[in-house]
Amino acid sequence: MEAVPRMPMIWLDLKEAGDFQFSPSVRQFILKNYGENPDNYNEQMKKLETLRQSAVNVTRDFEGCSTLRKYFGQLHYLQSRVPMGTGQEAAVPISWTEIFSGKTVTHDDISYEQACILYNLGALHSMLGAMDNRVSEEGMKVSCTHFQCSAGAFSYLRDHFSHNFSVDMSHQILNLNINLMLGQAQECLLEKSMLDNRKSFLVARISAQVVDYYKEACRALENSETASMLGKIQKDWKKLVQMKIYYFASIAHLHMGKQAEEQQKYGERLAYLQSSIDKLSEAIKLAKGQPDSVQDALRFTMDVIGGKFNSAKKDNDFIYHETVPSLETLASVKGAPLVKALPVNPTDPSVTGPDLFAKLVPMAAHEASSLYSEEKAKLLRDVMIKIDSKNETLEQFMDSLGLEPESVDNLDMYSHIPPVLMEKCAALSVRPDTVKSLIQSMQGLSGVFTDVESSLKEIRDVLEEDEAGQRALQEAGGPAAGELHSPAQAQALGDIRRDLEKYMEAHEKASFTNTELHRAMNLHISNLRLLGGAPGEPEGGPAPAPAQRR
């Protein structure tokens, strides 16, 4: 199906412009309300006049779209500085020709000029989108983008401007244009999807969405009020759109049949292909009087679908024997809208260029700026008074402490390491085993502490054993049994007990001291490693300790 001839697209004519003599009113407004010499803006007004001439005689190419966007943006800027709306001081008559009737319509409103330029932007994009024959992938992409830009221009016109300027910019006509352009953009996307051999179900949904857009457009075309606005062109558009509705519904069911075949649902495949042929036959009936490209596309499609239907029917009759369900019992194909109206931004500097009248500043703005400057100076004075008061308080406080401002404000003294600290660093750096020796000393101290504790415990146990023997002797022989030791021995034992108590007390104090020493060492050992590093290390923060110091 990717080789099917392309269907023709609908495009819109450009509106024709009349005169717009804005210079005299703009010059007068500048003189009266800005207090400036209008001659200072002769160059800007000449540029705007030249830009308008390019916009109303726009070239039928992408450069023409850029010209229309630029002029539209410059009108937006001008209106913000010179009021040219209905009943405003600088308003002037603006004339454009209405598309369908050919009548000249005039309004004293610059918004009318903007609306007509925006309409022509949408129309020009529709022309450029319809111009390509879309046989290449790039052509399909470009046409799709043009139709989305066209829908964006008409959407902005519908949402931001009056619908009473002229018949061709009424709400009904703009909605019709938007749905036509979105439908044609989706149609380009469908062509690209079939060229890329996308999944059958996705192609079916894209095609179904084309049908949805064209159905919305057809409802508008069948409306009696819209038909009277469009005149003779309404019948041509309606015939083409109705034919496309049946044609793309046929394409959707063709790909639903392909999906059913992939799922081995051969009865469903036959039902969808039968529906596809029926809808295509209806499209062929509606295609009478259409161009040769349409007839060629319909014949090509009928050959493809007819061949697939005959093959599917033969397979089902002789191989699968599946019941062919009614189309009403099958799931309907829900459209997948993959295109959108690309927005218009009237203030995008990359499109509009610099504001031609940016130097125009109203007197009210000058007055407001002057008031702002006064208020700013007043606030600044108040802040300076508070700063001076605080500075005075600070000086009095420093005087009371005997501090000199030079020493307090001298930040240089904090930007380097004190010499005393550098000396300590140097002393430790030449003794790389300092931390290791300290740890070993603490381990040795712990060993001594343990040995002393063991000796004291042993002496205490011997004395307690001697006392127990003495008590046992007295219990056996009574008080008259006498002493186990001689007086000299008893006095020596007493001295030993007193010394033991003294040493035990000293040992308890040593235990507390050792604990505090261990805590201090654990607290400062990382600092000692830091000080023992290279002299430049402390400024850069702690560095990992060398391997040999761990």
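Tabulated values for the structure
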read-out	value
Candidate lysines - alpha carbon under 28 Å from Lys46, same-chain residues fewer than 8 apart omitted	Lys15, Lys32, Lys70, Lys359
Restraint check, Lys199/Lys265; Lys192/Lys340; Lys279/Lys308; Lys244/Lys265, Cα-Cα greater than 22 Å	Lys244/Lys265
Whether the chain is rounded, prolate or oblate, judged on the alpha carbon gyration tensor where a/c under 1.5 counts as rounded	oblate
Gap separating the Cα centres of the stretch 21-70 and the stretch 178-212, nearest whole Å	42 Å
Label-zone membership for the stretch 98-124, site Gln88, 7 angstrom Cα→C-beta point, backbone N under 11 Å	109-112
Spin-label pair Asp303/Leu379, simplified geometry with 7 Å Cα→Cβ offset, distance in nm	7.9 nm
³J(HN,Hα), Karplus 6.51/-1.76/1.60, whole Hz, each residue of the stretch 64-73, x for Gly, Pro	x, 4, 5, 5, 5, 5, 5, 5, 4, x
The stretch 365-405-the stretch 125-144 distance, computed between alpha-carbon centres (Å)	67 Å
Accessible area expressed per residue, the chain, with surrounding protein chains retained (probe 1.4 Å, Å²)	56 Å²
Relative contact order for the chain, counting Cα pairs under 8 Å that sit 6 or more residues apart, in percent	14 percent
Cα centre as origin, Lys/Arg/Asp/Glu Cβ charges: the chain dipole, Debye	3480 debye
Mean separation of Cα contacts under 8 Å (6+ apart) over length of the stretch 219-301, as relative contact order %	29 percent
Size of electric dipole in the stretch 1-151: Cβ of Lys, Arg +1 and of Asp, Glu -1, about Cα centre, debye, nearest 20	100 debye
The stretch 36-134: relative contact order as a whole-number percent, Cα under 8 Å and 6+ apart	26 percent
Qualifying aspartates and glutamates (Cα of each under 18 Å from Cα of Lys509; at least 8 residues distant if same chain)	Asp451, Glu453, Asp499, Glu501
Calculated [θ] (222 nm, deg cm²/dmol) that DSSP helices of n ≥ 4 give over the chain, each run adding -39,500 (n - 2.57)	-23000 deg cm²/dmol
Extension gain (nm, one decimal) between Gln440 and Phe397, 0.36 nm per residue minus Cα-Cα	10.3 nm
Positive-pole candidate from Ser350, Ser54, Gly307, dipole of the chain, charges at beta carbon	Gly307
Heavy atoms of Leu189 accessible to a 1.4 Å probe, total area in Å² rounded to 10	40 Å²
Reach of Lys390 by Cα under 25 Å, taken over lysines that are not fewer than 8 positions away in the same chain	Lys376, Lys378
Protein accessible area in the chain, 1.4 Å probe - carbon and sulfur %	54 percent
Unpartnered cysteines - no second Cys beta carbon under 4.7 Å - across the chain	Cys65, Cys116, Cys149, Cys218, Cys425
Charge dipole (the stretch 1-132, unit charges on Cβ, about Cα centre) - positive-most of Met45, Tyr71, Thr104	Met45
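The values are calculated or read from the model by the stated rules, or taken from the named source; none is laboratory data. Bear in mind the structure is a predicted one, so any value in this text is a computation, not a measurement. All Cβ positions, even for glycine, are placed from backbone atoms using ideal geometry, and neighbour counts span all protein chains on display. These accessible areas exclude ligands, DNA and RNA; they are computed on the full protein's heavy atoms, side chains included. Shrake-Rupley method; radii C 1.70, N 1.55, O 1.52, S 1.80 Å.
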